[in-house]
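Colleague: Quick one: this structure, given as C-alpha cells, is what I'll be asking you about.
What follows draws every value from the coordinates through simple rules; no lab data is involved. Here the structure is a predicted model, which is why all the values come from computation and not from measurement. Positions of Cβ are backbone-derived with ideal geometry, glycine not excepted, and every protein chain shown enters the neighbour counts.
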Amino acid sequence: MSVLQTIWLIVRKDLTIETRSGEIAFTTLFFAISCILAFAFALVREGKPPEDGGAGVLWIAIMFSGNLALGRTFERERQSETLRALLLAPTSRPAIYLGKLLGLMALLTAAELLLVPLVAYFFQAPMFRHPVWLTVIVVTGTLGFASVGTLFAAMLVRARSRDMLLPVLLYPLTFPVIMAGVRGTTALLQPEVDYALLRFWVQLLISFDAVFITLALWTFEPLMTDEQR
Amino acid sequence: MPSWFMRTAVACAALFIAALVFIALAPYERDMGLVQKIFYFHTPSAWMFLTAGVVCGVASARYLANPSPRFDRVAWASAELLVLFGAIALVTGPLWARKTWGVWWQWDVRLTSSLLGWMIGVAYLLVRRYAGPGSDKLAAGLALFGIANVPFIYISVNYWRTIHPPTSVVPKLPLSFGVPFYLSVTAFTLLFVMLLRLRVHLEEQRARMDSLYLSLDE
Amino acid sequence: MLDFHEVAAENVSRDFGRRRALSRVSFQIQRGRILGLLGPNGAGKSTMLSVLATLMRPSSGRIRYGDLQHDSHRSQVRARIGVLGHDLFLYGELTARENLAFFGGLYSIHDRYGAATDALARAGLSDRADDPVSSLSRGMRQRVALERALIQNPRLVLLDEPFTGLDDVSAGALVARLEQLRAAGAMVVLATHDLDIADGLLDEAIFLRDGRVAQAIARPEGLRSIYRHVIGREAQ
C-alpha cells in the first residue's frame, strides 16, 4: 500500500471513530470555549479588553486546546495497544506520523473556527478584516504546533507521567511558532497593516513547518522502534 | 574515582584560585564598579552553557542514528551541565544587570533564547527522570528538536532591541581585564570537561554494575 | 511475497537495565507446527513473543526468519507475521467489519472488505459484523482479534495468552482454528498458562523459567505433570 493510501486509511479511520463517538471533538471544542471565556473574565475590564490582547489570547487558547487534543488522540491509541498494532504492520512509519498529523490538524481547524469569532467578539479584535492572511497565519502556525506535538505525543504513549510531560516538552519547543503567530496576528489587527512585517512572520512560520515536519519524518522511525515494556 | 581525577581536580582548583587572585587584583571598571566583576563568572558560565547545548544536541543526534550507549551518556551528562551552567549564567546576569542598568530582566534576543534553551535542558532532565522506559530515545528527540529550534528562537525574538552588551566587548579587553577573564574561562572550561567526563564515567560504572548483576545470573 | 520455512531463536537474551528477562533462549520451529511457550508469570514468555514479532531487538543473539534476519527486511518480515496480543489491538468504536478492513488495508490486502466478510464468516460473527467491537463479549472480541491477526495470511502466528477469559465453547473454537492453521502450513507460537487445553495441541513445548529454557519437549503429553516437575523443581 502506498504511503498516500496508508495516510488516507489512517485519517479516515480516525475521522470515523470521531464522528461516531465525538469524544475528542466535543471536549476540545468545549474546552476552547471555556478557555476564551476564562480569559475574557480575567482580562476584560468593564467592556474594555486589553490593547492588542486578542492575538495573544487566541494563540494561547490554540496551544492549550492542541495540548488537550493531542493527549486524548494518543490516549485512544493506548487503549487496546492499537499503536503497537500499527507499528507491527508493514506500514511505513512516516505514513503513520502524517496520518495522525492530518487528523489532528482537522480537529484543531474545527476548534479554530470557533475560537476566532469568539476572540473577535470578546476582545474586540477585527479578525475578519483580512481573512486570507488570517487563514494563512493560523494554518501555518497550527501546523507548526501540531507537527512537533504529534511526534512527542506518539513517543509519550508508552511513557509514565505522559500527561505532565507533554506540555513540559511542547511549550519550549513551540515557542517560535506561538511567538510568530501572536506577532503576525497582532500585525494583522493593526489599523495600518505593516505588510513587510507580516510577510516576515509568515515566512518564519513556513520555514519552521518545513524544517520540523522534515525532522519529525526522519526521526519518527528511530524514536518509535525498540520500545520497551 | 578514575585515575585522572585527582590531577585534573587539582589543576582545576589551582586555575580557579589563580583566577580569583587576578580578579581581585583587576582594576575596577570605570562606570560599573565592583559589580562588573561578576562578568568574570557570568560570561564563562554562559559559554559553557552554550557548549553543553551543542554537545548535547550532537550526541543526541548521533545516538538516534546509532544507538551506542556512549552517546546517550554524553548527552545526559551535558544536559546536566547545561542546566547547571545555565542556572549560574541566568542568576549572575540579572544580578549584574540590576546594578548596571536598573532592570532584572528584559525580553531581548539573548536572554529569551537562553532562558528557553535552559528550559529545554530542564525538560530533558525531567524526561530522563520521570518518563520510564524509552526515556533515552525520547530525551534524545527532545534535544535534537531543541537544537534545531535555536535559530528559530533567535530570529523570532530578534526584532526587539537588545540591551545586551555587544559581543565585540570581549576581543578588545585590555590586558588588566583580559588576564583574569581568560584565566577564568580556562578554569571554567577545565571544570566543564572534568565534570562531563566524571558524569559519563559514573554512567559507565552503573552499566558495568548492571552487566555484573546480569552475569551473576548465568 | 517474502516467505520462510523456519523461524529460529539463536541464543536470544534481553535485558532491561539490571533485570534479565530472557537468557540465551534457543529454539526452532518449522512450518505446520505449533510450539508452546509455557512457564509461570514473569518467565519471559511475553518478552520472547515481542522479540519474535520484531517489536523489540534482543540484547544479544538473534532471530532468524528462514535465511533472513529481522534487521535487514523489517517491513517484509512484518507482513508475514500475525500477532494476537493480550490487549487485542482493536478499535472499540469501530465495527468488527471496519476493524478487519482497516488492518487488511494496512497489510495491503487486495479486496479488504471482501476479506473482512470472509474472516467474519470463519469466526461465525457475520450477524454481529456491524456492531461496534466494544459491544461484543470477550469471547467474540477475541475471535475478531484472531481474525485480525490472520487477515493477511501470515506465515508466523504469535499468540499471547489467547485462552484467558474464554468459555469452553470459544476455547474449543480457537483450538480448532489453530489446528486449521497448522494444517495450512503456518508456524504457531503460543504462550499460555492453560495446560489442559495445550495438552494434545502442541507439537513442541518450551518451558521457560526466569528467562531461561528449563526444558524443551517434543510431542508432549501430560503437560500438567511435566510442568510441575520442570518448573516446580528447586533451582540447582
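Colleague: Across region B:3-20, in residue order, what do the Karplus-derived ³J(HN,Hα) couplings come to in whole Hz, using 6.51 cos²θ - 1.76 cosθ + 1.60 with θ = phi - 60° and x for Gly and Pro?
Modeller: 5, 7, 5, 4, 4, 5, 5, 5, 4, 4, 4, 4, 4, 5, 5, 4, 4, 4
Colleague: Expressed as a rounded percentage, what relative contact order does chain B have, with Cα pairs under 8 Å and six or more residues apart?
Modeller: Here the relative contact order equals 33 percent.
Colleague: Say the dipole of region C:1-138 comes from +1 at the beta carbon of Lys and Arg and -1 at that of Asp and Glu; which of C:Tyr107, C:Ala53, C:Ser75 then lies farthest toward its positive end?
Modeller: Farthest towards the positive end: C:Ala53.
Colleague: Further question: Can you list the residues of region A:43-61 with backbone N under 17 Å from a point 7 Å past the Cα of A:Leu197, pointing along Cα to Cβ?
Modeller: Taking a point 7 Å out along Cα→Cβ of A:Leu197, the residues of region A:43-61 whose backbone N falls under 17 Å are A:51-57.
Colleague: Sort A:Asp14, C:Asp67 by Cβ crowding within 10 Å, fewest neighbours at the top. Walk me through the numbers before you get to the answer.
Modeller: Details: A:Asp14 22, C:Asp67 8.
Sorted ascending by nearby Cβ count, the order is C:Asp67, A:Asp14.
Colleague: Can you list the HN-Hα couplings for region A:68-81, worked out from phi with the Karplus curve (6.51, -1.76, 1.60; θ = phi - 60°), rounded to whole Hz and with x for Gly and Pro?
Modeller: 3J(HN,Hα) across region A:68-81, in whole Hz: 4, 4, 4, x, 5, 4, 7, 4, 5, 6, 6, 5, 6, 6.
Colleague: Work out the mean other chain Cβ neighbour count within 10 Å for the residues of C:104-111 and drop it here as an integer.
Modeller: On the way: counts 2, 10, 14, 4, 7, 1, 0, 0.
Counting Cβ atoms of other protein chains within 10 Å of each residue's Cβ and averaging gives 5.
Colleague: Place a +1 charge on the Cβ of each Lys and Arg in region A:13-113 and a -1 charge on the Cβ of each Asp and Glu, then give the dipole magnitude about the Cα centre in debye, rounded to the nearest 20.
Modeller: Details: 10 positive and 10 negative charges, 71 e Å.
With Lys and Arg at +1 and Asp and Glu at -1, about 340 debye.
Colleague: I'd like the mean, over residues of C:78-89, of how many other protein chain beta carbons sit within 10 Å of each residue's own Cβ. Numbers along the way, then the final one.
Modeller: Numbers: counts 5, 3, 1, 3, 1, 4, 0, 5, 2, 7, 5, 9.
Partner-chain Cβ atoms within 10 Å, mean over residues of C:78-89: 4.
Colleague: Collect residues whose amide H, placed 1.01 Å from N in the peptide plane, falls under 5 Å from the amide H of C:Arg33; neighbours closer than 5 in sequence don't count.
Modeller: Residues meeting the criterion, in which the H sits 1.01 Å from N, are C:Val188.
Colleague: Using a basic spin-label model with each label point 7 Å from the Cα along Cα→Cβ, how many nm lie between A:Ala110 and C:Ser135?
Modeller: Between A:Ala110 and C:Ser135, the simple spin-label model gives 2.1 nm.
Colleague: Continuing with this model, one more query. Charges on Cβ only, +1 for Lys and Arg, -1 for Asp and Glu, centred on the Cα centroid of region C:177-236; of C:Ala198, C:Tyr227, C:Gly185, which one is farthest towards the dipole's positive end?
Modeller: After comparing all options, I get C:Tyr227.
Colleague: Which shape class applies to region B:1-120: rounded if a/c is under 1.5, otherwise prolate when a/b exceeds b/c and oblate if not, where a ≥ b ≥ c are the square roots of the Cα gyration tensor eigenvalues? Display every interim value, and only then the final one.
Modeller: Numbers: a/c = 3.82, a/b = 1.38, b/c = 2.78.
The shape class here is oblate.
Colleague: Just name one of A:Ser207, A:Leu113, A:Leu58: the one whose Cα is farthest towards the positive end of the charge dipole of the protein assembly as shown (beta-carbon charges, Lys/Arg +1, Asp/Glu -1).
Modeller: A:Ser207
Colleague: OK, next. For the residues C:His193, B:His42, what sequence is obtained by ranking on other C-beta atoms within 10 Å, fewest first?
Modeller: Details: C:His193 15, B:His42 21.
The order, fewest Cβ neighbours first, is C:His193, B:His42.
Colleague: From the square roots a ≥ b ≥ c of the eigenvalues of the alpha-carbon gyration tensor of region C:1-128, which class results: rounded (a/c under 1.5), prolate (a/b over b/c), or oblate?
Modeller: Values: a/c = 2.22, a/b = 1.70, b/c = 1.31.
Cα axes put region C:1-128 in the prolate bin.
Colleague: Within 10 Å, count the other beta carbons around each residue, average over each peptide in C:138-147, C:91-100, and list them highest first.
Modeller: Values: C:138-147: 21.4, C:91-100: 23.2.
So the order, starting with the most tightly packed, is C:91-100, C:138-147.
Colleague: Mind checking A:8-19 for the average number of partner chain beta-carbons within 10 Å of each residue's beta-carbon? Before the final figure, lay out the partial values.
Modeller: On the way: counts 1, 7, 3, 0, 3, 10, 1, 0, 6, 6, 1, 1.
If you average over the peptide's residues, the count of other-chain Cβ atoms is 3.
Colleague: Now for a separate question. Kindly identify the protein assembly as shown as rounded, prolate or oblate by the Cα gyration tensor criterion: order the square roots of the eigenvalues as a ≥ b ≥ c, call it rounded if a/c is under 1.5, otherwise compare a/b with b/c, prolate if a/b is larger, else oblate.
Modeller: Details: a/c = 3.04, a/b = 1.47, b/c = 2.07.
It is oblate, given that a/c is not under 1.5 and a/b is not larger than b/c.
Colleague: Next question, about the same structure. Pop the C-beta distance of C:Ala183 and A:Ser2 into the FRET formula with R0 = 51 Å and round what comes out to the nearest 0.05.
Modeller: Working: r = 35 Å, r/R0 = 0.68.
That gives a FRET efficiency of 0.90.
Colleague: Please list, ordered by chain and number, the residues whose modelled amide H lies under 5 Å from the amide H of C:Leu202; skip anything fewer than 5 residues away on the same chain.
Modeller: Counting only residues 5 or more places away or on other chains, the set is empty.
Colleague: Return the FRET efficiency for the residue pair A:His130, B:Val35: r is the Cβ-Cβ distance, R0 is 45 Å, and the value is rounded to the nearest 0.05.
Modeller: Details: r = 49 Å, r/R0 = 1.09.
That gives a FRET efficiency of 0.40.
Colleague: Here is a follow-up. Quick one: which residues, 5+ away or cross-chain, put their amide H under 5 Å from the amide H of C:Gly66? H built at 1.01 Å from N.
Modeller: Those qualifying (amide H under 5 Å, at least 5 residues apart or on another chain) are C:His5, C:Glu6, C:Val7, C:Ala8.
Colleague: May I ask you to list the residues of region C:1-27 whose amide nitrogen lies under 11 Å from a point 7 Å from Cα along the Cα→beta-carbon direction of C:Asn153?
Modeller: C:1
Colleague: Might you report the magnitude of the Cβ-based charge dipole of region C:39-187 about its Cα centre, with Lys and Arg at +1 and Asp and Glu at -1, to the nearest 20 debye? Numbers along the way, then the final one.
Modeller: Numbers: 18 positive and 16 negative charges, 122 e Å.
The calculation lands at about 580 debye.
Colleague: Hey, fewest Cβ within 10 Å first, where do C:Asp168, C:Asp15, A:Asp163, C:Asp210 land in order? Don't skip to the end; give the middle numbers.
Modeller: Details: C:Asp168 8, C:Asp15 19, A:Asp163 11, C:Asp210 16.
Fewest to most other Cβ atoms nearby, the residues stand as C:Asp168, A:Asp163, C:Asp210, C:Asp15.
Colleague: Between C:Asp127 and A:Ala210, what is the spin-label point distance in nm, taking each point 7 Å from the Cα along the Cα→C-beta axis?
Modeller: My value for the distance between the label points is 6.0 nm.
Colleague: Roughly what would the spin-label model give for B:Val10 and C:Arg19, points 7 Å off Cα along C-beta, in nm?
Modeller: Once both label points are built, they end up 4.6 nm from each other.
Colleague: For region A:159-168, what does the Karplus curve 6.51 cos²θ - 1.76 cosθ + 1.60, with θ = phi - 60°, yield as ³J(HN,Hα) per residue in whole Hz, taken in order and with x for Gly and Pro?
Modeller: 8, 7, 6, 5, 5, 6, 6, 4, x, 4
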